[in-house]
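Colleague: Let me give you the structure first, and then I'll get to my questions.
The values are calculated or read from the model by the stated rules, or taken from the named source; none is laboratory data. Everything numeric in this text was worked out from a predicted model, so none of it was measured. FYI the Cβ positions are ideal-geometry reconstructions off the backbone, even for glycines, and counts take in every protein chain you see.
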Amino acid sequence: MRTHPNVLLLSTDSEEMSKWEDILCEHAVVKRVGSLLELEHQLESDVYDALFCGWSFHFGTWHDALRTVQQQCPELPVIIFCGNGGERQWVEVLEAGAFDLLVEPYHQRAVLPVLEHAVDSYEGRRLYRSPSRLRAVAS
């Protein structure tokens, strides 16, 4: 994993945002967004390694955020988080194309390995699809 991956954090709950920033601050550069419009703008203006997205937020849900990411940055790993959930929600999230679902209580020892795996797989997919690799395979 990079020293400090760029992470987007989508939620409108300020207490929840603070918890996530406390967990991630030493290990990632975190940019907060509170709406789908802000998410779209950030995806256009900067490069991110992962998105942590709340189950729901003002004027949207994780489904809406995932759809936005899949349109703008299809390989970006989206990690959904919610206060409670079980196997049914986890399956729903994975089948929709998200990277994982994290359920409270959130702890660094559980969150950081998921972030590391998400970033590593994202970097691997980017390298696999890079023009220089494709030229080497073609020759």
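Colleague: Take T3 and tell me if it is under 24 Å from R129 (Cβ atoms), at pLDDT 95 or above and either out of contact with any strand residue (DSSP E or B) (no Cβ under 7 Å at 6 or more places or on another chain) or surrounded by fewer than 16 Cβ atoms within 10 Å (Cβ to Cβ) (or both).
Modeller: On the way: under 24 Å from R129 (Cβ atoms): yes; at pLDDT 95 or above: no; either out of contact with any strand residue (DSSP E or B) (no Cβ under 7 Å at 6 or more places or on another chain) or surrounded by fewer than 16 Cβ atoms within 10 Å (Cβ to Cβ) (or both): yes.
Against the criterion (under 24 Å from R129 (Cβ atoms), at pLDDT 95 or above and either out of contact with any strand residue (DSSP E or B) (no Cβ under 7 Å at 6 or more places or on another chain) or surrounded by fewer than 16 Cβ atoms within 10 Å (Cβ to Cβ) (or both)), T3 does not qualify.
Colleague: Condition first: of a type in the set (D, E, K, R), closer than 12 Å to I79 by Cβ and in contact (Cβ under 8 Å) with a residue 60 or more places away in the chain. Now tell me which residues in the stretch 100-128 satisfy that.
Modeller: In the first step, residues of the stretch 100-128 are kept if they are of a type in the set (D, E, K, R); the result is 100, 104, 109, 116, 120, 123, 125-126.
Subsequent filtering for residues that are closer than 12 Å to I79 by Cβ retains 100, 116.
Passing the criteria: only E116.
Colleague: With respect to R32, determine if the residue is without any contact (Cβ under 8 Å) to a residue 12 or more places away in the chain, under 13 Å from the mean Cα position of the chain (by Cα) and over 15 Å from A118 (Cβ atoms). Before you say what the answer is, go through the steps one by one.
Modeller: Working: without any contact (Cβ under 8 Å) to a residue 12 or more places away in the chain: no; under 13 Å from the mean Cα position of the chain (by Cα): yes; over 15 Å from A118 (Cβ atoms): yes.
The answer is no for R32.
Colleague: Condition check: under 17 Å from F99 (Cβ atoms) and either surrounded by fewer than 19 Cβ atoms within 10 Å (Cβ to Cβ) or of a type in the set (S, T, Y) (or both). Does E75 satisfy that? Even if it seems obvious, please write down each step before you answer.
Modeller: Working: under 17 Å from F99 (Cβ atoms): yes; either surrounded by fewer than 19 Cβ atoms within 10 Å (Cβ to Cβ) or of a type in the set (S, T, Y) (or both): yes.
Judged against the criteria, E75 is a match.
Colleague: Here is a check on your reading of the model: is E87 surrounded by fewer than 16 Cβ atoms within 10 Å (Cβ to Cβ), among the acidic types (D, E) and more than 14 Å from the chain's Cα centre (by Cα)?
Modeller: When the stated conditions are applied, E87 passes them.
Colleague: Only one of these conditions is not met by A50: (1) surrounded by fewer than 17 Cβ atoms within 10 Å (Cβ to Cβ); (2) touching a helix residue (DSSP H, G or I) at 6+ places or on another chain (Cβ under 9 Å); (3) among the hydrophobic types (A, V, I, L, M, F, W, C). Which number is it?
Modeller: (1)
Colleague: Looking at V93, is it crowded, with 17+ Cβ neighbours inside 10 Å, within 11 Å of the chain's Cα centre (by Cα) and over 21 Å from E15 (Cβ atoms)?
Modeller: Details: crowded, with 17+ Cβ neighbours inside 10 Å: yes; within 11 Å of the chain's Cα centre (by Cα): no; over 21 Å from E15 (Cβ atoms): yes.
In short, no.
Colleague: A follow-up question, please. May I ask you to list the residues in the stretch 103-119 that are surrounded by fewer than 15 Cβ atoms within 10 Å (Cβ to Cβ) and charged (D, E, K, R)? Let's see the steps before the verdict.
Modeller: As a first pass, look at the stretch 103-119 and keep what is surrounded by fewer than 15 Cβ atoms within 10 Å (Cβ to Cβ): 104-105, 107-110, 113.
Hits for the stretch 103-119 are E104, R109.
Colleague: Spot the failing condition for H27; the list is (1) closer than 11 Å to L10 by Cβ; (2) crowded, with 16+ Cβ neighbours inside 10 Å; (3) more than 14 Å from the chain's Cα centre (by Cα), and only one is missed.
Modeller: (1)
Colleague: Now, a different point. Helices (runs of 4 or more DSSP H) wholly in the stretch 35-139 with at least 3 residues that are modelled with pLDDT of 90 or more - which ones? Before the answer, list the steps.
Modeller: Numbers: elements: 36-45, 62-72, 87-96, 108-128, 131-138.
Correct list: 36-45, 62-72, 87-96, 108-128.
Colleague: Sticking with this structure for a sec: Kindly check whether there is at least one residue in the stretch 47-54 that is of a type outside the set (A, V, I, L, M) and over 11 Å from L8 (Cβ atoms). Steps first, answer last, please.
Modeller: Taking the stretch 47-54 as the starting set, the residues that turn out to be of a type outside the set (A, V, I, L, M) are 48-49, 52-54.
Right, trim to over 11 Å from L8 (Cβ atoms) and you get 54.
Yes, the stretch 47-54 contains a residue that is of a type outside the set (A, V, I, L, M) and over 11 Å from L8 (Cβ atoms).
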